[in-house]
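Have a look at the structure below, then the notes.
Rule-based calculations on the coordinates, nothing more; no lab input. What you see is a predicted model, and the numbers here were worked out from it, not measured in a lab. Here the Cβ positions follow ideal geometry from the backbone for every residue, glycine too, while neighbour counts run over all protein chains shown.
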Amino acid sequence: MWQQSAPVQVPQSYPLPLKKKPKKWPWIVGGVVVLIVAGSALSNAQRDQATGAASTTSAKPTTTVRTTTTTTTTTTTKPPPPPPSVFKGSGDDVITLDRPAGVKIAKFECPACTSNTMLKSDGFESLLVNEIGAYSGQMWLDIRDGSRTTTLTVKASGAWTLTVGELDMATKASGPVSGKGDSVVFFSGKSTKAKITNVGESNFIVHVVSLDKERLDLAVNHIGSYEGTVPLAGPALIQITSSGSWSITPG
C-alpha cells in the first residue's frame, strides 16, 4: 500500500560565515618606519597593477552547457477479438472449436429440423440444446472459470448454422428487454431486482451473472408460463432458456 513519506524539513535560512573584525594596529612613531611602509606600499601597488593586467588579458569566458533529456513513452494496444466463427452443415457432426479462452456466445439455427435436435459442448455447460423439431437460439459458453470448450457435437435432421463469437453477440439492453426463445442479454443498467414474465409450455430458466458480485445465480426455474419479481443485481449477463416469449423489467 502506498504511504505518504514525512515532509522534508527545509530551514528558513542558512547561516552565513561570520566576518572577522579588523584589528586596531598601534601607531608606530618614527619617520623611517613611515617611509618604509609608504615605499613598500608603492612597490606593491605597481606589482599588483602589472599582475592584474596580465590576469585580465589571460582570463577566459565561462560557458554553461544545458542538457535536455527526452523520454519516450510506448503505449501497447490490445488487439481486437477475432471475428465470429461460422460453421454450416447438415445432419450430425463434430466441430473443433479454436477460440480464445473466456466467455463466448453461441447461436445455433436449424429451421428445417424435424426430429430431436441437440448441441453438446465438452466444456462445463455440456448440453446446450435439446429440442424436438426446428430450433433457433443463443446460449453462453465457458461462463465458469476453468471451462474451455474445444469441441461441439451437433445432432440434427436438417441443415444447420452454428456461429460462435464474443460477448458482443449478446442482446444489449440498459432497461426493459423482451424476446423469444433461448437468448443471452447483456444488461448494462443498475438494478436490484427485475420483473420477469414468460409465455410458453416448456422449461423456463433464467440464470444471472452479476458483474459486480461475480456470482452465478439461478433466478427462475419453472415449467410453463411465469410471472414474478426476483433479485437481479445489474449490470449483469443473463441467460434465458424459453420455448416462448419473455420479458425482463429491471427495477
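Of the trypsin sites (Lys or Arg not before Pro) found in region 152-187, not one falls in a DSSP loop while having at most 15 other beta-carbon atoms within 10 Å. Karplus-based coupling profile of region 187-194, in residue order and whole Hz: 9, 9, x, 9, 6, 10, 8, 7, with θ = phi - 60° in 6.51 cos²θ - 1.76 cosθ + 1.60 and x standing for Gly or Pro. Taken one residue at a time, the phi angles of region 134-141 give Karplus couplings (6.51, -1.76, 1.60, θ = phi - 60°) of 5, 8, 8, x, 10, 7, 8, 10 Hz. Gly and Pro are set to x.
For region 188-251, trypsin sites (Lys or Arg not before Pro) are listed when DSSP marks them as loop and at most 14 other Cβ atoms sit within 10 Å of their Cβ; the list is Lys213.
The order of Thr149, Thr249, going from fewest to most other C-beta atoms within 10 Å of their C-beta, is Thr249, Thr149. Here the Karplus curve 6.51 cos²θ - 1.76 cosθ + 1.60, taken at θ = phi - 60°, turns the phi angles of region 218-224 into couplings of 8, 7, 9, 9, 9, 10, x Hz, with x standing for Gly and Pro. Among Ser115, Ser85, the ranking by other beta carbons within 10 Å of each residue's beta carbon, starting with the fewest, stands as Ser115, Ser85. Each of Val94, Val184 was scored by other Cβ atoms within 10 Å of its Cβ. Arranged with the fewest first, they read Val94, Val184.
Show the residues, 5+ positions off or on another chain, whose built amide H is closer than 5 Å to the amide H of Ser90. The answer is Trp160.
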